[in-house]
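Down below is the structure, laid out as structure tokens.
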Amino acid sequence: MTFRTIHAALLVAASFCFTSAQAFDIGGAISAGSKALKAATLSDADLKELTDQACQESDKTSKIAPAGSKYDARLQKLGKQLGDKIDGQAANYKVYLTDDVNAWAMANGCIRVYSGLMDMMNDDELLGVIGHEIGHVALGHSKKAMQTAYGLSAARDMADASGNSTVKGLNSSQLGDLTEKFINAQFSQSQESASDDYSFDMLKARKLNLQGLVTAFQKLAKLDGGKSDMMSSHPSSTDRAKHIEDRIAAGK
Ligand SMILES: [Zn+2]
């Protein structure tokens with residue numbers, strides 16, 4: 001959550017924070033102020049429970065590459081190179097079979113990579129992208145995004161009369177709405193940049209190829225024409241590639 005880009009074939013805005021264009025949920029944004037207040041009452045335990053449920057529901061409604069399939073084997077291999085824990089949580093990698101270009105990670109270690117992204121990236125590039133998503137988790141962005149998604153979602157309406165939130169007994173439709181809002185969440189420009197740097201540092205510490213992060217951005221720049229959406233505060237893919245190139249050149 002991400003890179004985002006326009007999926008050329010379907011003209012569907014995929015929620016990938018690496019690029020740009022994304023429809024902005026005006027209605028949701030307007031009501032966000034009051035709802036976000038209540039969402040702030042979610043405890044860490046509730047948030048974890050909510051995230052577990054959201055991940056499970058997302059899996060249930062997605063086409064998952066079977067264990068041992070080509071896509072799954074490739075992702076598991078890449079995952080091992082990045083470590084089996086993210087932010088203290090066991091990393092759980094799955095491929096969603098879809099043409100959309102996307103990847104995201106939830107704070108509970110639920111990492112999902114879409115086959116449309118895997119088709120356009122080589123292994124080094126995927127490591128860079130996944131490292132970026134892991135960065136969002138490690139830096140607390142994913143947790144915040146889930147909390148915000150909850151505040152904007154129908155799930156929030158489960159709050160009882162006294163305003164206490166509850167994460168128990170959410171139905172599929174509420175969880176689906178929550179997950180969609182999480183996946184489409186906009187990260188700020190500084191969050192995106194920080195996650196890019198996190199990925200760079202992680203790749204470097206593990207002695208992995210740093211150039212993949214550059215070419216991943218360059219490929220995404222081609223998809224989004226190298227420009228950020230005007231409504232988005234995201235740095236453009238071109239600028240992000242340049243930043244990583246500068247760091248490689250500087251050797252740090
Ligand atoms: Zn991102």
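Read-outs: derived from the displayed coordinates by stated rules, not from any lab. As the structure is a prediction and not an experimental result, all values here were calculated from the model. Cβ placement follows ideal geometry from the backbone for every residue including glycine, while neighbour counts extend to all protein chains displayed.
Amide hydrogen proximity for ILE86: with H placed 1.01 Å from N in the peptide plane, the residues at 5 or more positions away or on another chain lying under 5 Å are ALA91. Note on GLU180 and ALA205: the extension gain reaches 5.7 nm, defined as 0.36 nm multiplied by sequence separation minus the Cα-Cα distance. Relative contact order, whole percent, for region 72-148 stands at 28, derived from Cα pairs under 8 Å and 6 or more residues apart. Extension gain, ASP46 to GLN81: 0.36 nm times the residue separation minus the Cα-Cα distance gives 9.5 nm. Here each label is just a point 7 Å from Cα along the line to Cβ, and for ASN122 and ASP59 those points are 3.2 nm apart. Relative protection proxy for 55-67, 97-109, 207-219, from highest mean packing down: 97-109, 207-219, 55-67 (other beta-carbon atoms within 10 angstrom). If R0 is taken as 35 Å, the Cβ-Cβ distance between ASP246 and ALA90 corresponds to a FRET efficiency of 0.50.
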